[in-house]
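Heads up, the thing below is written out as structure tokens.
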Amino acid sequence: MLKIESLSVYYGHIRAVEDVSFEVNEGEIVTLIGGNGAGKSTILKTISGMIAPKNGRIVYCGEEIQGLPADVIAKKRLLHCPEGRGIFPGLTVAENLEVGTYIWRKRSGEKNEEDLELVLRMFPRLKERYSQLGWSLSGGEQQMLAMARSIMGRPKLLMLDEPSLGLAPIIIQDMFETIKRISVETKLPILLVEQNAFMALNTADRGYVIENGLITAHSGCKELLDDPVVQKAYLGVS
Ligand SMILES: Nc1ncnc2c1ncn2[C@@H]1O[C@H](COP(=O)(O)OP(=O)(O)O)[C@@H](O)[C@H]1O
Ligand SMILES: [Mg+2]
């Protein structure tokens, strides 16, 4: 579904990502784990067309998309839910969700009841907060709204950048359970970028470890959770 081949990305002369290859298949959750500054967000921004790569190919649904403009890539329903959420604080939950449909809706009258029903079932807190303004939501609710808004765009593949960032442990648990449920119920392939390696590896099917812009390990998540090197570096096991 998504195949990244030998991707290298630079900021000026500074290397952020070097020779990275990985893939996401139908129905899978794939996670990229790694510390702060490892290059995770850069990879997602490059896939979604916000940054042009120096080298490499990005093949999505059989088509090379590297270097295409971000709006063209979004219209192909490869959707990026960025780090820091980016919801509209002055709009209600309902209006924020409506914004997510602009990618496929040709006129404002076009139906989206089924999409709404799906996201409000997946995110029941948003149903309770439907008429509230974005700024009045908790951090966890804002993150849920950002994910729900992406799903309103009818993604074929969804990329999530650190959905757990800045949230309390109990909310984080809920967040990852929701991500898993979305995957199980809708079969939507998800590329999940996380610093919270423990939760990400317990949620995803396969994982890749990124260090200083390079992939240093990849395997099934169960195997990575059992790997002593991964345990020491990312899971706090000494
Ligand atoms: N706009 C930018 N200009 C220059 N360097 C950047 C920029 N954005 C990120 N970097 C650098 O690229 C590297 C990877 O950053 P990033 O992809 O944000 O890492 P992560 O998401 O894994 O924390 C870091 O060394 C970071 O300092
Ligand atoms: Mg990041």
Every residue from the stretch 1-52 that is hydroxyl-bearing (Ser, Thr, Tyr), free of Cβ contacts under 8 Å to residues at least 60 places away in the same chain and away from ligand 1 (no atom under 11 Å from the Cβ): SER6, SER8
Enumerate the helices (runs of 4 or more DSSP H) found wholly within the stretch 89-200, keeping only those where 3 or more residues are more than 16 Å from ligand 2 (Cβ to nearest atom), under 18 Å from the mean Cα position of the chain (by Cα) and modelled with pLDDT of 95 or more. 139-152, 169-186
For residues in the stretch 201-238 being part of a strand (DSSP E or B) and buried (at least 18 other Cβ atoms within 10 Å of the Cβ), which is farthest from ligand 1 (Cβ to nearest atom)? ARG206
Unique match (being within 16 Å of ligand 2 (Cβ to nearest atom) and of a type in the set (Val, Ile, Thr)) among ILE47, ILE58, ILE65, ILE73: ILE47
When the stretch 52-90 is checked residue by residue, the ones that are over 21 Å from LEU160 (Cβ atoms) and outside the structural domain of VAL9 (by TED's automatic domain parsing) are GLY90
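The values are calculated or read from the model by the stated rules, or taken from the named source; none is laboratory data. Just so it is clear, the model here is predicted, and its values are computed rather than measured. Glycine gets a Cβ as well: all are built from the backbone with ideal geometry, and neighbour counts include every protein chain shown.
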